[in-house]
Amino acid sequence: MTTPAVYSWEATDEQVAARYGVPLDRIARFDLNTSPTPPDLATRVLAAGRFASPLSEYPPSDYRRLIDAAAARYGVGRDELLVGAGADEILDLVAKAFLPPSGAAVLPTPTYAMYRVVTEQRGARAIEVPRLGQADGWGLDLPAVLAAARAAQVVWLCSPNNPTGLPEPPGTVDTLLMDLAADAEADGRPAPIVVLDEAYAEFVGASLLGLRRDYPRLVVVRTASKAYALAGLRVGFAVARPETIAAIAPYRPPGSVSTVSVAIVTAALEDDTVLEANLARVERERDRLAAGLRAAGWDVGPSVTNFLLAGFGSRDRAIDVAQGLLRRGLVPRTFGEGHPLADHLRVTVRDTDENDRLIAAAVELALPAPVAAS
C-alpha cells in the first residue's frame, strides 16, 4: 500500500522546550503565521455563554448566523458560501469534489504545502511550475502555468502567497483566468477549477472575489485564522458561484465546526474593531521587525502579510541561524533540502516583546563567536 502524502506537523511547544532546554514559557512561535493573542471579543463571547445551541448538541447544520455574517463581510450571497473547519478543510473538500484519482493539479511553487498534500492524497499528480524569481516578486510564470493547466483539473493559487509574502501583480490573476477559459474553449474541454487562497487578503485590503462573476469555476478561500487572530477556532470559507458551491457541498462533513467557534467568529466578522486592531499591530510591527532584522544582516524581502521571508545565501547558514534561534526558544519556519527556499527562513510578525527577542537574537547570531582562552 502506498503511504499517503502528509503535512509535516510542527513540533509542539513542549517538544521544542524539551529538545533545546528552554523554559516552556519562553517558547515563541514565529513559524505558524498566527497572532500572539486572540481578540478580547473572544473572551467576552465565552463569558456570556450564549450559543446557537446547547453545547450538548451539535451545531446548526446550516451555520446560519455565521453564513449571514460572512456574506455581509465579504459582500456575497449566502448561497455563494460554504463553511469548513479552517481553510485546510476547504482545500480538502475542493480536492474531493474536483480532483479524480488519475487527475492533475498545477502548483506554482514555492507555495503553501497543503496544496500538494491534498492533491496527492486524492491519487492525483501535482504539476509544479516554478514561480518567477525574487527580483520579479515571486510572481506567476503565466505561460508556464497555462501550458501545465491544459492537462489539469485544478490550479492552486495563493495571493498574497505563502511563504513569499507578496500578492500577484495587478491584473495577473484576471489575465490567467481569461486565458484558461480561452484555452479550454479552444480545446473543447471544461476549464479547470481555480482555487485562489486569500488567507492573507485582509492584510492588503483587497480581494479578487469579484472575478467569480466572469470565471464560474473560481473558488476563493478565506479564513478567520490570520487577520482575525482566531486560528485555534478553525473556521474557513469557500466563496464561489452557487453552482460551484453546490458541487462541493456533498463532501462537507456534518458539524465539523464547533458551536463555540461559530459564535466567536460570527461576532468577530460583525465587529470591525477586531480586524482593525490586528491589522494595525501587524503593520506597525512588521516594518519595525524587518528593519531590525536587516540591521542584523538578514536579507529580508518585502511583505504585505503578517510574516517576513529572509534569505541567508546558503542552506547551511539558514540552518545555523534556525538552530541558534531555537536554542533561545524562538521557532522559525524552515524549508527542507531541495525546497526552492531551502536557504531562507520565514518568521511571523509577533508582538513587541517577542519581536524584540528575535531582533536581539539575530544580532547575537551575527556576531563572531568568542575566542576561547588558551
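The values are calculated or read from the model by the stated rules, or taken from the named source; none is laboratory data. Keep in mind that what you see is a predicted model, and the values were worked out from it rather than measured. Virtual Cβ from ideal backbone geometry, glycine too; neighbours counted across all protein chains shown. For accessibility, only protein heavy atoms count, side chains too; no ligands or nucleic acids. Shrake-Rupley method; radii C 1.70, N 1.55, O 1.52, S 1.80 Å.
Can you find, within the stretch 296-332, the residue that is farthest from ALA342 (Cα to Cα) among those that are of a type in the set (Ser, Thr, Tyr) and in contact with a helix residue (DSSP H, G or I) (Cβ under 8 Å, 6 or more places away or on another chain)? Applying the filter and picking the extreme gives THR305. Within the stretch 160-176, the set of residues being surrounded by 20 or more Cβ atoms within 10 Å (Cβ to Cβ) and either touching a Leu at 6+ places or on another chain (Cβ under 7 Å) or β-branched (Val, Ile, Thr) (or both) comprises PRO160, PRO163, THR164, GLY165, GLU168, VAL173, LEU176. Within the stretch 39-65, being closer than 16 Å to SER256 by Cα and either touching a strand residue (DSSP E or B) at 6+ places or on another chain (Cβ under 6 Å) or among the polar types (S, T, N, Q) (or both) holds for SER53, SER56, SER61, TYR63. Residue pairs whose Cβ atoms lie under 8 Å apart, separated by 6 or more positions or on different chains, with the first residue in the stretch 52-64 and modelled with pLDDT under 90 and the second open to solvent by 100 Å² or more (accessible area, probe 1.4 Å) and part of a loop (DSSP other than H, G, I, E, B), are SER61/PRO254.
Of everything in the stretch 215-226 that is free of Cβ contacts under 8 Å to residues at least 40 places away in the same chain and not hydroxyl-bearing (Ser, Thr, Tyr), the residue that is farthest from MET114 (Cα to Cα) is PRO216. Condition check: buried (at least 19 other Cβ atoms within 10 Å of the Cβ), of a type in the set (Lys, Arg) and either within 24 Å of PHE237 (Cα to Cα) or in contact with a Cys (Cβ under 6 Å, 6 or more places away or on another chain) (or both). Does ARG212 satisfy that? Yes.
For residues that are of a type in the set (Gly, Ala, Ser), modelled with pLDDT of 95 or more and out of contact with any Leu (no Cβ under 9 Å at 6 or more places or on another chain), scanning just the stretch 233-255, find the one that is farthest from ALA52 (Cα to Cα).
ALA247
I'm told GLY232 meets every condition in (1) of a type outside the set (D, E, K, R); (2) more than 20 Å from GLU80 (Cβ to Cβ); (3) assigned to a loop (DSSP other than H, G, I, E, B) except one. Can you identify the failing condition by its number? Evaluating GLY232 over (1) of a type outside the set (D, E, K, R); (2) more than 20 Å from GLU80 (Cβ to Cβ); (3) assigned to a loop (DSSP other than H, G, I, E, B) leaves (3) as the failure.
For the stretch 231-252, the candidate set comprises residues that are closer than 17 Å to ARG64 by Cα and surrounded by fewer than 16 Cβ atoms within 10 Å (Cβ to Cβ); within that set, the residue that is nearest to the chain's Cα centre (by Cα) is ALA249.
Pairs linking a residue in the stretch 112-132 that is more than 21 Å from ILE90 (Cβ to Cβ) to a residue that is hydroxyl-bearing (Ser, Thr, Tyr), with Cβ atoms under 8 Å and 6 or more positions apart or on different chains, are ARG125/THR119; GLU128/THR109; VAL129/THR109; PRO130/THR109; ARG131/THR109; ARG131/THR111; ARG131/THR164. For the stretch 83-115, the set of residues classified as aliphatic (A, V, I, L, M) and open to solvent by less than 10 Å² (accessible area, probe 1.4 Å) consists of VAL83, ILE90, LEU91, LEU93, VAL94, ALA95, LEU99, ALA104, ALA105, VAL106, LEU107, listed by residue number. If you filter the stretch 177-194 down to residues that are of a type in the set (Gly, Ala, Ser) and within 22 Å of VAL94 (Cα to Cα), you find that the one that is surrounded by the most Cβ atoms within 10 Å (Cβ to Cβ) is ALA191.
Residue by residue, here is whether (1) of a type outside the set (Asp, Glu); (2) buried (at least 18 other Cβ atoms within 10 Å of the Cβ) holds:
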| position | (1), (2) |
| --- | --- |
| ASP299 | no, no |
| PRO302 | yes, no |
| PHE307 | yes, yes |
| LEU330 | yes, yes |
| HIS339 | yes, no |
| ALA342 | yes, no |
| LEU358 | yes, yes |
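Selection of the stretch 116-159 for residues being open to solvent by less than 50 Å² (accessible area, probe 1.4 Å), outside any loop (DSSP other than H, G, I, E, B), touching a helix residue (DSSP H, G or I) at 6+ places or on another chain (Cβ under 9 Å) and under 30 Å from VAL300 (Cα atoms) yields VAL117, ALA126, ILE127, VAL129, LEU142, VAL145, VAL155, TRP156, LEU157, CYS158.
Of all the criteria given as (1) out of contact with any Gly (no Cβ under 6 Å at 6 or more places or on another chain); (2) open to solvent by 90 Å² or more (accessible area, probe 1.4 Å), the one not satisfied by ALA52 is (2).
Among the residues making up the stretch 265-296, those that are open to solvent by 10 Å² or more (accessible area, probe 1.4 Å) and of a type in the set (Val, Ile, Thr) are THR273, VAL274.
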